[in-house]
Each structure stands twice: as C-alpha cells, then as structure tokens.
Amino acid sequence: MATTASRIKRVVLVQPASAGGNFEYMAIPRQGMLFLSTALGQWEEGPFLYEREIWFEDRSGLMDPDKDLEGVDVLLVTALINEAPRAYQIARLAKLYHPDLVTIGGGPQMGPLPEEAFAMGNFDVIVQREAEDIVAPLCDLMLTHPANAREMYLEKVPGISYRKDGQVVHTRRQGLVDPAFAELPDYRSIKDLTPDHPMPGGVIETVRGCTESCTYCQVIQQFLGYRLIPRETELKRLHHLQELADEGLLHTARNGKFNVFISDDLHTPPLRAVKFRNERLERLKNWKGHTDNMYMICQARAEIGQDPELATALYEANVKMLYLGVESNNAENLLAVNKRQEPGQMEKDLITLNDMDFSVVAMTIIGLPFDKEEDIMNLADWVTQYSRYQTANLLTPLPATSNWDSLQPLNEHGELLQEGEMRPYHLYTGRQFVHYDKRWTMQESRELFDRYTAKLTSIDDLYGRIFRILRSYRLRVATAGNELGDSINAQIAQATENLKSWSDPVSIAGKEFGQNISQRVDELADTLRSMSQPLANARRELADNINTKVNELADALKSMSDPVGVGSKDLADNISVRITEISEMVNNVVVESSNRRRPANE
C-alpha cells in the first residue's frame, strides 16, 4: 500500500558520550536502542511509519541538537549513570531549539529517577523499564495529540512517567515484555555503519534478567524475572550477526573471525538453577556449527568451573573468554552484598577454568564493607594468580539498588552532598568513592584505586585509557565546531574504533607494550588538554598535516586487530613515533597561534 510522506516520521535514538567506566571503549553497543528501533520499524498498526537513526556518540561524535535534529519528529535518549549529564544536556537543547520535538527518556538511570530526568532534561515522557511493546503506540500518541491534550491518553500507557499539573504521574505496568518482541536488533540503523566504518564486534542477547540478587547490581530491577528468548530466535540472531560480518559491517580479522559479546548479565545460570542451567546446556550444544567464525565473550559466575559439562559446551561453541564476577575473596564482603559464593571454592573454580584454556577476566569490586587497604592489596595479589586479566571498580551506588539510599553521596569536591545539589554523575565511573566512607576520602579512594589497579593485568587499562584521553580531546575539539575539529574528530574516532577491535590485546603485545603505549598516549594527552582553541584557529595547511599524521596513527592502531607476525616492540615504537609527530605538530600550531596574537612591537 502506498504511503504519503506525511505518514513517515523521523526518529533519532541517542546513546550519549560516556564519561568512562562503561564498555563503550570496547565498542559494545547496548541493545536497548537496537531493539527499540526494531520495534518502531515493525509497527504497522498506527497512523505513522518510522524512519530511524541510532546515534552512539562514542562512535560517531557529539550530536549538535540544533543542526542534527532539524526535521526530526521524535528523540529517544537512554543513559547509564555517568552519561546522565550529557543525556540531560541533549534533551534540554533539543527542546530549546525544537520546541515541538517529542522527547522520551529511559534506561537504568532515568527510569528509576523520572523526577530528576524531567527537572534536568525537560523530557515529555520517561519510560520506567523496558519499552519495545509500548514505544510505537507511545510515539503515535505523542505525535497525534497536542501537548495540552495528551494526559487522558498517557494515563492508559503502562510503565511510563509524565507530568500533570506540576506533578509527576507514574502508570503501572502489568506483566513483562516478551524478550523476543523485537526479534532481531536493528544494527542497520546505526549511524555511520558501513564496511569502511564497521562495528568492532557484535552483541547477542539470549535472556533477560538474573537468577541472583546481588545488592550492587541494577539488573534485578531493570529486567525483572529471568526470561529466555525462544531457541529459534537465538539461532536467528547468530545468523544475523554472521550476515552483518559477511557484509563488512562487523570487523572481521584475516582469519575470518569476528568478536561477539553475549550481553546477558548471567549467561550461564548456576547449577542450583537446574531448569535454566539444563536449558542453557542444550542450547549451547545447538550453537555448534552456527558460531564457527565467532570469538565469543560472556559474563558468568566462577562456579561454572564446577560444571564441566556446561563449561565444555561453552568452549565448543567458541565462547573463549569469560568475564567472571569474582568481586572479592573476603567471605564477609561476599555475604554483605548477597553474593552467594565461597572464596575457597571460587579459587578452585578459577583454576579449573584456566586449565580448560578459557581466557579468564576476573571482575573485582573494592571498597566493600569489610575491606581494609591491606585486604585490597592482598586481593590484587590473589586475583592475578588465578585469572589472566582483571577489571576493577570501587563500590558505586546505582539507582534502584539498596546502596542508592543507604550510602551518603558526596559532591565533586568530596564533601557531603547538600540538599538541592546535583550528584556528580561524571565521577560515577568506579574509579573513586562517590559516597561517604569513614575509611577513605574521595581523593584517598582514587589513590587506593590507582595502587590496586597498578598490580593488575587490566584488560581495560590500555585501550580504556587511550579511549578516555582521545575521547576527551574529541569532546573539546567538537565544541569548537569547525572544519578542523570535525576532520580530526573523525580520524581519531576511526583510530579509537580500530583500537577497540582487539579481542585479546594484552596477550598480543604484552604488558611492557601496554605500559609503553599508555605512557606515550599520556604525553600526547598532556599536549592536547588545552589546545582546542589554537587548533580551531589553525591554518588549513597545518590542519591537513595533523590530519595526515592522525591517519597514520589510525593505520598503526589498525594493524593491532590482526597482529600475527607483528613484533610488539616494533609496533610500540611505530605508534610512539606517530604520537610524537602529532604532539610536535600540535605544538607548532600553538606557537603559530601565539605569534599571530603577539603585538607587532613585542
């Protein structure tokens, strides 16, 4: 049936730039926006058809709400906690420049805190949890009725919050969303996704929810229950990822392999969850033959080491890297956070999984209730014996967890948060305490984090630090809003994307290589930190030269994604040279800019 242009509405879905501490520098797209886009695309029962664009700012650069939302009808914004300031900024500016634009917020930050989202982001509606089943009818409603006539319709939409007479109204959701409501994630609506700019990896979701109830985790409240998608949907999603890789939209190494992260927070249920565990075992057996070209990564509990049948099925399905929730080796700490795990048994489980040749990444949390500095340093010594890589976070209160209200928040200066003062969400990265603790101040906790992580073989540290430094520079240059900024921004984004595509970076080049490059990137960062305006004013010749050198850096980083035969020292030296060249050229820009400003008689 032919449609008229007026029936087609444009929707932009935005995941804001991260302040760090997420998985963004590993190029893992969160699935929420991909499934919402699918739900909008498959909707045919209402008055409108929806064209979609998914904008990941960490991938495509900062959105300009004035320019980039021209002609857009609906803006959907999600956010993790440290992305919230940028999410609120986008929504506020969107309303400022486009007052008639419909703005809808959601995700694990705004869903539990709609009052804050309305006050800081001026949204029209906040979705409380999942939204695939309501997003299209909600958009229809918002576009059909003027703002002053929506209330009687909004009260019938389940699981949302909206404003009425100056108050926030919440509607109740009945039941849970079918996790296969949107069968395939909508990768093809991702902005700038082309064979020349592929995603470094794919993601598959097979279940929503968790069988556990750890106090620090948001999943229990965000995804209620434990809901498996149908077996046939799992296989369709695997085939979909293979199709994307075949089209060049997922980065594929020369050996034909591409990375896939299993996004479920507990992909393999523990033995005590017998029904779910048995079902997962049978499904993994069915994956054989469907995942031959995939290098798969998932999160699990260490006790999978007690289940050799399931562990073997994982390995044979090409799940070769396990992120394991170790958290702590202190039994009192584990009990305090309701982590049903015993340190002695966990040690045996880690040994078993290492012996099975899994690449084990031990996820740890420090600053738990019974931690002392000595215990934390001992944890570093212990965990590095039983895992190949480690991640670290300081205990951080998150919305919808018991810690949110029980831990007293601090402001960005490390003082107690005063009434009416906004939490410093940009610091909610797990790298410092953001709540009062009599053991350590905020600054002391940062120093503690640095001492602890210095003892780890951190899978996050190398590409995480490079990502954060380059992204910070990109934010500064993007703010200048000029051609040079856009050009360098694009090239550094590509360099960062290439860096993200490492599937196993520490083993590729060794810890010495990581320290070398980290040091060199730090030196580049020192040069770039205050250079946004001089770069913005640079003459074209210098801009082109810097662009060329950033391109060369990107090419050097790209070689890491297929490192066979590349010596770590040669590679480190090559990249260090590129960084030095860029630093020197930027310094020349600064000198030239300074000379242009200096009075003639000086």
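The values are calculated or read from the model by the stated rules, or taken from the named source; none is laboratory data. Worth saying up front: this structure is predicted, and the values here are computed from it rather than measured. All Cβ positions, glycine included, derive from the backbone under ideal geometry; neighbour counts span all protein chains shown. Surface accessibility is based on the protein's heavy atoms, side chains included, excluding ligands, DNA and RNA. Shrake-Rupley method; radii C 1.70, N 1.55, O 1.52, S 1.80 Å.
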Review point. Where in segment 134-236 are there strands (runs of 3 or more DSSP E), lying wholly inside it, with at least 1 residues that are at pLDDT below 85 and surrounded by fewer than 18 Cβ atoms within 10 Å (Cβ to Cβ)?
Key: 226-228
Check your understanding: So which residues in segment 373-390 are touching a strand residue (DSSP E or B) at 6+ places or on another chain (Cβ under 6 Å) and crowded, with 21+ Cβ neighbours inside 10 Å, if there are any at all?
Key -> ILE376, VAL383, SER387, TYR389, GLN390
Check your understanding: What pairs can you find where one residue is in segment 6-19 and touching a residue at least 40 places away in the same chain (Cβ under 8 Å) and charged (D, E, K, R), the other is open to solvent by 10 Å² or more (accessible area, probe 1.4 Å) and part of a strand (DSSP E or B), and their Cβ atoms are less than 6 Å apart, with a gap of 6+ or different chains?
Key -> ARG7/LEU49; LYS9/TYR50; ARG10/GLU51
Check your understanding: Only one of these conditions is not met by HIS145: (1) in contact with a helix residue (DSSP H, G or I) (Cβ under 7 Å, 6 or more places away or on another chain); (2) of a type outside the set (Phe, Trp, Tyr); (3) under 22 Å from GLN109 (Cα atoms). Which number is it?
Key -> (3)
Point to revise | Selection from segment 344-368 of residues that are acidic (Asp, Glu) and either open to solvent by 40 Å² or more (accessible area, probe 1.4 Å) or at pLDDT below 90 (or both) | key: GLU347, ASP355, ASP357
Study note, to complete from the structure: Restricting attention to segment 323-343, the residues that are at pLDDT below 70 and assigned to a loop (DSSP other than H, G, I, E, B) number exactly 5
Study note, to complete from the structure: Within segment 311-322, the residues that are surrounded by 21 or more Cβ atoms within 10 Å (Cβ to Cβ) and part of a helix (DSSP H, G or I) are ALA311, ALA313, LEU314
Practice item. Filter segment 44-73 for residues that are touching a strand residue (DSSP E or B) at 6+ places or on another chain (Cβ under 7 Å), open to solvent by 30 Å² or more (accessible area, probe 1.4 Å) and outside any loop (DSSP other than H, G, I, E, B) and give the result. Key: LEU49, GLU51, ARG52, GLU53
Practice item. Just give me the residues in segment 391-413 being of a type in the set (S, T, N, Q) and either without any contact (Cβ under 8 Å) to a residue 24 or more places away in the chain or open to solvent by less than 30 Å² (accessible area, probe 1.4 Å) (or both), in sequence order. Key: THR391, THR396, THR401, ASN403, SER406, ASN411
Check your understanding: Just a yes or no: is a residue in segment 422-432 more than 25 Å from TYR323 (Cβ to Cβ), of a type in the set (S, T, N, Q) and open to solvent by less than 40 Å² (accessible area, probe 1.4 Å)?
Key -> no
Review point. Does segment 87-102 include one or more residues that are open to solvent by less than 10 Å² (accessible area, probe 1.4 Å) and under 19 Å from GLY159 (Cβ atoms)?
Key: yes
Revision key, fill the gap. Given (1) open to solvent by less than 40 Å² (accessible area, probe 1.4 Å); (2) farther than 18 Å from PRO85 by Cα; (3) among the aliphatic types (A, V, I, L, M), LEU416 misses just (1)
